[in-house]
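For reference, the structure discussed in these notes is given below.
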Amino acid sequence: MTSLHHTLTILGATGSIGVSTLDVVARYPERFSVYALTGASQIDKLFEQSLQFKPRYAVVLDDLAAESLRARLHAAGSQTEVRCGEAALIEVSTAPEVTAVMAAIVGAAGMPPTLAAARAGKRVLLANKETLVLAGQLFMDAVNASGAELLPIDSEHNAIFQVLPRAHREHPYAQTLQDVGVRRILLTASGGPFRTRPIETFDAITPAEAVKHPKWSMGRKISVDSASLMNKGLEVIEARWLFNARLDEISVVVHPQSIVHSMVEYTDGSVLAQLGEPDMRTPIAYGLAYPERVDAGVRALDLFAAGRLDFEAPDYDRFPCLRLAFDALRAGGAAPAVLNAANEIAVAAFLDGKLPFNGIPVLIEAVLADCVTDCRAETLADLLAADTLARECATRRLT
């Protein structure tokens, strides 16, 4: 087989996914080249990445950052051109030279360029949750219409992708899961740092405790989502769209060791699982090189060292955010967009010390009750309006 060469745009190059992607890319200069790198706040890191990987473009969000980065790159003799703003993000995601886009911008800001890449028929390596949570139907319609390749990068969705029949993972809307002999998808969750902590002490949880994930190294917002299990709830919504799954075909299984990254149960009684060290370079390398596999620099899984694998049912009293996500998916329409936006405001308030940890689901539930009936979900503009309305409602409730 002749190895494919990909020219990449990395949306969110300075975050943990972006950094891990560049680590894999650096190992295979003959297979991967970088067309554009984008970043928002870590301009020093973007500068260093631009010097190392020599992208044609570096994209930032505001004019001041662009001026500063432009001057520094010029002084260093770099040929990288600095662009600014959302339109530039879309341009570098749809450029004819680009064959693959790593979509790793956190939050709703990552959605427009990711959707644009799908409409342009690119290979989309999806690490941005909001694209499917806010606009799952619209996004999958775009993928199906353009013939884009969609490869999920979340470790759980990537695991499911790997163990589904190839025909379904590549064309999930050509048939149902039932048609290919799948009974259900089993999404694993670590349970986060508070899996066994007494519920009565949840109001005393500090941001420092919540961002200390026991297995994964992630950003602050996603670490809090993992602690509340909202992250898993958002993944349930994503799985529904990625794999054309009904709600009753998705189950969550708590697995503290984070070695089994997810499973697929077949109608013949087989359960296929993907196992590995908790290292995001594995799913990233899989997405970059698919359908081949390459060495990602990840250490081999030592099952003897792991010793045991535990599984338990999720506790919805302990983690009401997970229940809220299932409820939003069941309600449909703009409910997942409202859930996501309310959660972003709630987590930011918690990290700023303005909301207790157990206040996060309380605020989200209140915003869902306030907003959902007022929101349309026909177009991307409708869903972005629902996102804005939910943020305003959540912020108002905090004051």
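The values are calculated or read from the model by the stated rules, or taken from the named source; none is laboratory data. On a predicted model such as this, the values are computed, not experimentally measured, just so you know. Virtual Cβ from ideal backbone geometry, glycine too; neighbours counted across all protein chains shown.
Candidates in the stretch 25-46 are the residues that are touching a strand residue (DSSP E or B) at 6+ places or on another chain (Cβ under 8 Å) and in a helix (DSSP H, G or I); of these, the one that is nearest to GLY297 (Cα to Cα) is VAL25.
Could we say that LEU69 is crowded, with 20+ Cβ neighbours inside 10 Å, without any contact (Cβ under 8 Å) to a residue 40 or more places away in the chain and closer than 20 Å to PHE47 by Cα here? The answer is yes for LEU69. Looking at VAL143, VAL92, just one residue is buried (at least 19 other Cβ atoms within 10 Å of the Cβ), over 13 Å from the mean Cα position of the chain (by Cα) and more than 24 Å from ASP23 (Cβ to Cβ), and that residue is VAL143.
Residue-wise test of (1) under 14 Å from LEU383 (Cβ atoms); (2) modelled with pLDDT of 95 or more; (3) in a helix (DSSP H, G or I); (4) touching a strand residue (DSSP E or B) at 6+ places or on another chain (Cβ under 8 Å).
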residue	(1), (2), (3), (4)
GLY333	yes, no, no, no
ASN340	yes, no, yes, no
ASN343	no, yes, yes, no
ALA348	no, yes, yes, no
LEU355	no, yes, no, no
ILE360	no, yes, yes, no
ALA366	no, yes, yes, no
ASP370	no, no, yes, no
THR373	no, no, yes, no
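Between VAL271, VAL253, VAL294, VAL264, the distinction of being closer than 25 Å to PHE32 by Cα and either of a type outside the set (Phe, Trp, Tyr) or in contact (Cβ under 8 Å) with a residue 40 or more places away in the chain (or both) belongs to VAL294 only. Taken as a whole, the stretch 137-145 holds at least one residue that is among the aliphatic types (A, V, I, L, M), assigned to a helix (DSSP H, G or I) and within 22 Å of LEU339 (Cα to Cα). Please verify whether the stretch 246-259 includes one or more residues that are charged (D, E, K, R), surrounded by fewer than 19 Cβ atoms within 10 Å (Cβ to Cβ) and farther than 19 Å from ALA167 by Cβ. Scanning the stretch 246-259 turns up at least one residue that is charged (D, E, K, R), surrounded by fewer than 19 Cβ atoms within 10 Å (Cβ to Cβ) and farther than 19 Å from ALA167 by Cβ. Going by the structure shown, is ARG323 over 30 Å from ALA26 (Cα atoms), of a type in the set (D, E, K, R), surrounded by 16 or more Cβ atoms within 10 Å (Cβ to Cβ) and at pLDDT 95 or above? Here the answer is yes, as ARG323 does meet what is asked.
Please count how many residues of the stretch 170-199 are assigned to a helix (DSSP H, G or I) and either out of contact with any Phe, Trp or Tyr (no Cβ under 7 Å at 6 or more places or on another chain) or free of Cβ contacts under 8 Å to residues at least 40 places away in the same chain (or both). Number of matching residues: 7. Of the residues GLU130, GLU91, GLU97, GLU156, the single one that is among the acidic types (Asp, Glu), assigned to a helix (DSSP H, G or I) and under 22 Å from LYS54 (Cα atoms) is GLU91.
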